[in-house]
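Everything below concerns the one structure shown next.
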Amino acid sequence: MLYVLIRQIRRQNREAQQRLEAERQRLDTALNNMIQGLVLFDASARMVVCNQRYLDMCGLAADLIKPGCSFEEVMRHRKVTGSFVGDVDEFCATVRTNIANGQVTEVVTPTIDGRSFSIVNQPLAHGGWVATLEDITERRNLEQERDRNNAFLREIVDHIPSQITVKDAHTRRYLLVNRVAETHFGTSRENIIGKTALDIFPPAHAQVIAEDDNMVLESADGFFKDEHRWLSHITGEHYITSRRIGIRDQAGMPRYIITVVDDVTERRRANERIAHLAHYDALTDLPNRVLFREQIERELEKAKQGQQFALLYIDIDEFKSINDSLGHHVGDELLKTIAGRIKACLCEGDLIARLGGDEFAVIQTAIRGISDVEDFVASVHRAIRQPCDCLGHHLSTDASIGVALAPRDGTDLDQLIRNADIAMYGAKAEGRRTHRFFEPEMGAMARARLTMEQDLRQAMTDGGFEIHYQPLLDLNSNQVTGCEALLRWRHAERGLISPAEFIPIAEDTGLIGELGEWVLRTACMEAAKWPDHIRLAVNVSPIQFKNISLALKVASALDASRLKPSRLELEITEAVLIGDDEMALAILHQLRAIGVRIALDDFGTGYSSLSYLKRFPFDKIKIDRSFVSDITVDGSATIVQSVVNIATSRNMTTTAEGVETEQQRDLLRELGCTEMQGYLFSPPKPATELRRLLGPSGEPALVRA
Ligand code: C2E
Ligand code: MG
Ligand code: MG
C-alpha cells in the first residue's frame, strides 16, 4: 500500500516535473521567439532570465550573462559590446530608483554602431522588474524620413505665393495653413489650426467661406471656383479668386477641403486700366473716338423720339506749328488745357471727346434751336481764345468749329460725323477762327479741298511752285521802290492756281512752314540781283509765327543771298497779333532787331482794329484793295484819309493795294498815300520779266503814271 502510494507520488512528481519542463521549454521558446529582447531581474537586481534576442541585440555571449548576474554587470558588458553608450552607473541608479518607486523607465538609447534601442523597465508586483529592449532603428529612420518629408512639403507649401489652407470637411476646422494664409488671416498658424472660419473672421466673411465650402462638397467634380471682392479686415479691399478642392476617402465620404486663394486685384486693376484706355484718351482722359461713337449712337436713338442734338467738331487752329516748334510736351499741355476749358462749357447731359491730334468733339444735348447752339459755340470759342501759359510759353489759340445737327443733318452715325467734319473744314476754308453749320453743298467743297490737299503734298516734293513779283511805285516820284513776292502754283491740270486758294490748305496741313521758307530763300536770292534801292516784300503766314525759329530762318535766307536786311519787308496780317500772342510779338521784335521792315498787310479787312497798330510799331500799312476799289464811290476815301493820317503820325508809310485806274491813283496821291501797287502799273510778273521791267538802274521802262 505504501509502495503503491510512493509510486503514485513519484509518478505525480515525474509528471509535474515533465509539465514544468514543458512549461519552461514553452516559455523559453516564447521568450526566444520574441522580437524584443527581454531580461528579468529579481528584487535584488540579479538577472533571473533573458532571451536569446536580448543577447543577440546586445552582442552578449550566453556564457557571460547567466542568471545571477547583477544589473550593473549586465550593463557594463553592454558598454563593452557597444550596445550601450551612456554612463552605466548613472543609468543603473536611475532605473533602480524608478523601480523602487514603482515607476516605469522608458528611454531610447543609441548604440555605438548607430542603432537605436527603446528600453522599457517595468517593475513587477512582487519585486524585481522586466526590461524589454526593442531595436527601433528602422522605425526611427522612417520617422525621421517622414519628418524631413513633412518639413520639405511644409516649406514648399509655405513658399507658394497663393493662400493655401486645408480644412477638415466635417468639423471645418483648419488643419494646415501656409505663410500667405497667415498674412491674409492676420495671425499665426498656431492661432488658426484647430479653429473654424467663424472663430477667425467676422460673421459675414465666415458665412461666405462656409457657403463656398458647401459648394465644393456639393459639386459633382469636387471643384469650385469663384472670383469676388474681398474686404479684408487686415489688408483692405481686394479681388480674389478662390479655388476649392474636396478630397474624399475611399468610401467616398468628404475628408478635406483644400482652398487656394489668389489675390487678383492687380490683374483686375490692369484689366480695368486697359478697358479704360480702350475708351479714353490717355492724355486728356476724355472719351476717345470709340466711346464717343457709342455715345452718339445713344443720342441718335433719343433723336428718334424727337430730341435734337448738335455735334460739334472742334479743330485747334495752328496746333501743328506750336507742336512742331515748341515741342510735344508743350503741345500736350496745351491740349490738356483746352480739353479742360471745353469741358467747363458743357451742361449736364453734354458729352465731350478727343478724337485724336488737335480734334475735339462735343455733343450738345437738349437743344431747342439754333440759337442755343450759337450761344454754346460762342462760349467754346471764348474759352479757347483765352491766352494760356504752357510750360513757360504764353500761347494764344483759336479753333475752327463745324456743327452738324441731328436729326436734320443726319440720322445715321457716320453721316452725322462726316457732316460735322465737313462743316469744320468749311470753317477752316473761311479762314479759321470761326464756326460753320453744315450745309449740303459743303460736301463737294470738302472733296475738292481734299483733292487739292493731296496734290499740294505731291507738289511739295515734285515742285511746281514759282514766284511772281509785283512792283510797288512811289506816288510822288513814280519810282519803283520795291516788289512783292507772290507765290504761284502751276498745277498740271488746272494751270496756275491762286495762292488765295492753296495757302489756307498749306496752313491747315502745316506745309506752309516749308513752303514759306522756300519763298523767302528764293525771293531773297532773286532780289539780290535787283538794283540796290529796290526792296523785296514777302508775305508771311500767321502760322509761321507759331514757330519760334522764324527769325533764324529769315536771317539765314538773308545771309545765303547776301541781301541787306533793310531791303527785306515782311508782310503780316492782323491775325498774327490776335489773342495777345506773346510768341508772335517776340518774333516780330527779333525780326526788327535783325533790321527787317514789317508791313501790316490787307489793312481794313478782318478784324480791322486800330489797336493792332499800338501793339507793334509797323513800318508800313498796306490799305486793302476793297477800300481802293470803292474809293471813288462811297465813304472809303474818308477811311483811307484817316488811315493815312494815323500812319503819318506814327512814322509809317502807306501802300494802296489793287490800284487799277488812274482816277484811283490820283485820289490816293491827293490823300497823301505813299505808294501804290496794282494792275495800273503792273500785274505780278515772273522773275525774268520783272528784271526787264526794272532795267539795270531800276528805272521802270514802262512807267505809265
Ligand atoms: P496780298 O499779300 O494782299 O497780295 C496782293 C494780292 O492782290 C495778290 O494776289 C495780287 O496779285 C493782287 N493784286 C495786285 N494788284 C491787283 C489789282 O490791281 N487788282 C486786283 N484785283 N488784284 C491785284 P495773289 O497773288 O493772288 O495773292 C493773294 C494773297 O495770297 C496775297 O495777298 C497773300 O496774302 C497771299 N500770298 C501770296 N503769296 C504768298 C506767300 O508767298 N506766302 C503767303 N503766306 N501768302 C502769300
Ligand atoms: Mg501781301
Ligand atoms: Mg494785301
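The values are calculated or read from the model by the stated rules, or taken from the named source; none is laboratory data. What you are looking at is a predicted structure, and each value in this text was computed from that prediction instead of being measured. Cβ placement follows ideal geometry from the backbone for every residue including glycine, while neighbour counts extend to all protein chains displayed. For accessibility, only protein heavy atoms count, side chains too; no ligands or nucleic acids. Shrake-Rupley method; radii C 1.70, N 1.55, O 1.52, S 1.80 Å.
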Computed magnitude of the charge dipole of the chain (debye, nearest 20; Cβ of K, R +1, Cβ of D, E -1): 2600
C-alpha center-to-center spacing [the range 486-500, the range 338-357] in angstrom: 39
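Taking only the Cα atoms of the range 280-440, how large is their convex hull per residue, in Å³?
99
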Among beta bridges that DSSP assigns inside the chain, antiparallel share in %, nearest 5: 80
Cα coordinate range in the range 28-136, projected on the principal axes (Å, largest first): 33, 31, 23
Alpha-carbon centroid distance for the pair the range 143-197 / the range 549-606, whole angstrom: 80
DSSP-defined antiparallel bridges as percent of all bridges, the range 463-694, nearest 5: 40
Heavy-atom accessible area order for Met442, Met460, largest first, 1.4 Å probe: Met460, Met442
Size-normalised alpha-carbon gyration radius of the chain, reference 2.2 N^0.38 Å: 2.03
Kirkwood-type radius of the range 453-554, with distances r between different C-alpha atoms, in Å: 14.7
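Mean projection of the alpha-carbon convex hull of the range 463-694 over all orientations, in nm²?
12.5
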Dipole of the chain, positive direction: furthest Cα of Ala593, Gln307, Ser611, with charges on the beta-carbon: Gln307
Nearest-ten-degree value, helix 137-159 long axis tilted from longest Cα axis of the chain: 20
Spacing of the two label points (7 Å from each Cα toward its C-beta) at Asp414 and Asp199, in nm: 6.8
Charged-residue dipole, Cβ positions (Lys, Arg, Asp, Glu), the range 126-245 about Cα centre, Debye nearest 20: 160
13 Å tail of the calculated P(r), the range 262-311, as % of Cα pairs: 67
The range 28-136 - percent relative contact order, Cα under 8 Å, separation 6 or more: 27
For the chain: relative contact order, % (alpha-carbon pairs under 8 angstrom, 6 or more apart): 7
On Cα atoms only, tilt of 512-527 relative to the major axis of the chain in degrees: 40
Percent of Cα pairs exceeding the 20 Å cut-off, where the set is the range 161-299: 55
Anchor Lys620: aspartates and glutamates whose Cα lies under 16 Å away (excluding residues fewer than 8 positions away in-chain): Asp474, Glu484, Glu569, Glu571, Glu574, Asp601, Asp602, Glu657, Glu675
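Do any trypsin sites (Lys or Arg not before Pro) in the range 319-387 lie in a loop, going by DSSP, with at most 10 other beta-carbon atoms within 10 Å of their beta carbon, and if so which?
Arg368
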Rounded tilt (10° steps) of 265-279 against the dominant C-alpha axis of the chain: 20
Antiparallel DSSP beta bridges within the range 28-136, as percent of all bridges there, nearest 5: 100
Solvent exposure of the chain as accessible area per residue, Å², 1.4 Å probe: 50
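Determine how many Å³ per residue the convex hull of the Cα atoms of the range 1-56 encloses.
It is 88 Å³ per residue.
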Compactness index (Cα Rg / 2.2 N^0.38 Å), the range 364-464: 1.30
Cα convex hull of the range 78-201, projected area averaged across orientations, nm²: 12.3
The chain - percent of accessible surface contributed by carbon and sulfur, probe 1.4 Å: 52
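How high is the relative contact order of the range 160-268, given as a whole-number percent (alpha carbon pairs under 8 Å, six or more residues apart)?
Relative contact order here is 27 percent.
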